[in-house]
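Here the structure is laid out as structure tokens; the discussion comes afterwards.
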Amino acid sequence: MEIVYKTILITHIIAGAIALLGGLLAIIFRNNVKKHKPIGKIYFWAMTVIFFSAVYMSLYRSNVFLFCVSLFTYYACLTAYRSLKLKKLHLDQRPHWFDWAIEVFFGLMHIGFIVFAIMLLRGPNMPMGIISLVFGLLGIRGNYTTIKRFRKKIEYKNYWLLAHIGGMLGSYIGAITAFTVNNERWLPAPGIVLWLGPTVFLVPLIIFEINKHQKKAGKFKVDL
């Protein structure tokens with residue numbers, strides 16, 4: 001089993017390197033569709049490999065942090081990818097059954113994070129409890145936003161693009177955070193910087209891009 005674990009670990013590291021580079025290039029070329037689209041696909045599939053390998057390793061090593069990060073990060077990436085396939089929800093398009101299945105599965109996981117956090121907050125593992133609570137609450141918020149979109153509660157004309165931007169950049173934040181925290185011994189920075197640095201750096205970009213595209217597309221005249 002140890003050989004299998006090491007093989008999956010190497011695969012995870014390679015996929016992680018591809019995702020980190022691909023995510024950066026996707027951001028750089030976000031206004032160049034011809035370059036952004038293929039790079040984005042590479043990023044998505046690299047994140048898919050990361051997700052399945054991380055779930056296996058987290059269960060094998062009982063690593064709660066890796067398990068939480070992998071689920072939260074991939075949910076953001078997956079819904080962002082699916083948003084490109086659901087551009088006509090304001091018309092007659094409906095989500096596929098697996099879109100709802102994604103929300104149910106990850107929604108239950110997010111609730112599980114919150115329950116797990118409540119258990120930990122009462123004991124000596126409070127820091128891990130706080131982390132689990134944050135992941136759970138952010139995940140539930142993502143479920144709420146996505147389900148609202150599925151039910152045609154849509155405000156902006158380019159709702160699918162806004163969901164794509166927020167989800168992909170959110171997943172990239174998770175990927176970078178996982179990398180920095182898991183390699184803290186090699187990075188000369190305080191723990192708080194490793195934990196919050198990616199968020200502080202990329203959240204303003206998310207806000208900027210979303211606000212820009214909201215203003216560019218405008219709102220629907222009719223409240224759906």
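Failed condition for ILE140, given (1) β-branched (Val, Ile, Thr); (2) over 17 Å from the mean Cα position of the chain (by Cα); (3) farther than 27 Å from ILE28 by Cβ, with all others met? The single condition ILE140 does not satisfy is (2). Restricting LEU205, LEU120, LEU108 to those that are assigned to a helix (DSSP H, G or I) and within 23 Å of LYS41 (Cα to Cα) reduces the list to LEU205.
In the set ILE131, ILE27, ILE102, ILE114, only one residue is under 20 Å from the mean Cα position of the chain (by Cα), more than 30 Å from LYS153 (Cβ to Cβ) and part of a helix (DSSP H, G or I); that residue is ILE131. Looking only at residues of segment 89-114 that are hydrophobic (A, V, I, L, M, F, W, C) and touching a Ser or Thr at 6+ places or on another chain (Cβ under 8 Å), we find that the one that is farthest from LEU138 (Cα to Cα) is ILE102. Enumerate the pairs (first residue in segment 58-78 and in a helix (DSSP H, G or I) and among the β-branched types (Val, Ile, Thr); second residue anywhere and at pLDDT below 90 and buried (at least 24 other Cβ atoms within 10 Å of the Cβ)) with beta-carbon separation below 6 Å, excluding pairs fewer than 6 apart on the same chain, so at least 6 apart or on different chains. That search, which allows pairs on different chains as well, returns VAL69/GLY174; THR73/GLY174.
Name the single residue that is surrounded by the most Cβ atoms within 10 Å (Cβ to Cβ) among those in segment 15-73 being among the polar types (S, T, N, Q) and closer than 14 Å to MET168 by Cβ. The qualifying residue surrounded by the most Cβ atoms within 10 Å (Cβ to Cβ) is THR73.
The condition of being within 19 Å of PHE44 (Cβ to Cβ), buried (at least 19 other Cβ atoms within 10 Å of the Cβ) and of a type in the set (Ser, Thr, Tyr) holds for only one of SER171, SER132, that being SER171. Flag set for TYR144, criterion: within 21 Å of LEU78 (Cβ to Cβ), modelled with pLDDT of 90 or more, aromatic (Phe, Trp, Tyr) and loosely packed, with under 13 Cβ neighbours inside 10 Å.
Of the residues PHE113, PHE106, PHE150, the single one that is surrounded by 15 or more Cβ atoms within 10 Å (Cβ to Cβ) and farther than 30 Å from HIS90 by Cβ is PHE113. Do we have any residue at all in segment 78-87 that's surrounded by 13 or more Cβ atoms within 10 Å (Cβ to Cβ) and within 22 Å of THR180 (Cβ to Cβ)? Yes; the residues of segment 78-87 include at least one that is surrounded by 13 or more Cβ atoms within 10 Å (Cβ to Cβ) and within 22 Å of THR180 (Cβ to Cβ). List the number of the failed condition for GLY174; all other conditions in (1) free of Cβ contacts under 8 Å to residues at least 60 places away in the same chain; (2) farther than 30 Å from PHE220 by Cβ; (3) in contact with a Ser or Thr (Cβ under 9 Å, 6 or more places away or on another chain) hold. Checking GLY174 against (1) free of Cβ contacts under 8 Å to residues at least 60 places away in the same chain; (2) farther than 30 Å from PHE220 by Cβ; (3) in contact with a Ser or Thr (Cβ under 9 Å, 6 or more places away or on another chain), the one that fails is (1). Of the residues making up segment 175-207, just one is over 24 Å from PHE67 (Cβ atoms) and either surrounded by 17 or more Cβ atoms within 10 Å (Cβ to Cβ) or touching a strand residue (DSSP E or B) at 6+ places or on another chain (Cβ under 9 Å) (or both), namely ILE206.
The values are calculated or read from the model by the stated rules, or taken from the named source; none is laboratory data. Fair warning: this is a prediction, and the values are worked out from it, not measured in the lab. Quick reminder, even Gly has a Cβ in these numbers, built from the backbone with ideal geometry, and neighbours come from all protein chains shown.
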